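Structure record follows, encoded as structure tokens.
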Amino acid sequence: MVGAAGSLPGDLQRLWQVKTPDTYHLEYGYSCMGYEIAAALGAKLARPGQPVYAMVGDGSYMMLHSELQTAVQEGIKITVLLFDNASFGCINNLQMGHGMGSFGTENRHRNPQTGQLDGPLVKGRFRAKRGKLRLSRVACT
């Protein structure tokens, strides 16, 4: 299991019970968004016989989803668990909790009257697809 950014490292540290050594890899130091899928590829190369799960928030997914193409090209099977909290939800919660308001952490349409990115939320869809690459939508709202 691989993870890196947002609220997942803290949640997993509290809740995940590791049963086998070397099966839990989380980047705690810098909350490196976009690290998860590439790290899952590395974990699978290191342990080809083990299933590998990348736990990814939708904000991190937008930063390095292209590594899924690498997985398909190289025939490396990983499972990506994609958590949708409407973009950079953990960062947004920190901003709001400190009274500064949301800034650059929500995917919003441009407001035609003001030109600002404060219009309605952009609705994203992650669908399951047939073939080697399958994505599933998991909503955490």
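The values are calculated or read from the model by the stated rules, or taken from the named source; none is laboratory data. These numbers come from a predicted model, not from an experiment. Backbone-built Cβ (ideal geometry, glycine too); neighbour counts: all protein chains shown.
Answer yes if at least one residue in region 5-19 is touching an Asp or Glu at 6+ places or on another chain (Cβ under 8 Å) and buried (at least 16 other Cβ atoms within 10 Å of the Cβ), and no otherwise.
Step one: filter region 5-19 for residues touching an Asp or Glu at 6+ places or on another chain (Cβ under 8 Å), giving 5, 9.
Checking which are buried (at least 16 other Cβ atoms within 10 Å of the Cβ) leaves us with 5, 9.
Yes, that holds for at least one residue.
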Seminar exercise, completed: Looking across region 65-98 at residues that are of a type in the set (Val, Ile, Thr) and under 24 Å from Asp11 (Cβ atoms), the single one that is modelled with the lowest pLDDT is Ile91
Seminar exercise, completed: Of the residues in region 1-29, those that are closer than 15 Å to Leu81 by Cβ and without any contact (Cβ under 8 Å) to a residue 24 or more places away in the chain number 5
Problem set entry | Residue list for region 65-91, restricted to those being without any contact (Cβ under 8 Å) to a residue 24 or more places away in the chain and within 15 Å of the chain's Cα centre (by Cα) | Ser66
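On the given criteria, is Ala139 closer than 19 Å to Ala4 by Cα, surrounded by fewer than 14 Cβ atoms within 10 Å (Cβ to Cβ) and at pLDDT below 85?
Details: closer than 19 Å to Ala4 by Cα: yes; surrounded by fewer than 14 Cβ atoms within 10 Å (Cβ to Cβ): yes; at pLDDT below 85: yes.
For Ala139, the condition - closer than 19 Å to Ala4 by Cα, surrounded by fewer than 14 Cβ atoms within 10 Å (Cβ to Cβ) and at pLDDT below 85 - is met.
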For this session: Please state which one of Gly49, Gly59 is out of contact with any strand residue (DSSP E or B) (no Cβ under 8 Å at 6 or more places or on another chain) and buried (at least 16 other Cβ atoms within 10 Å of the Cβ).
Result: Gly59
Problem set entry | Neighbours by Cβ (under 9 Å, 6+ apart or cross-chain): first from region 35-64, free of Cβ contacts under 8 Å to residues at least 24 places away in the same chain and over 18 Å from Leu12 (Cβ atoms); second buried (at least 23 other Cβ atoms within 10 Å of the Cβ) and not aromatic (Phe, Trp, Tyr) | Gly42/Val2
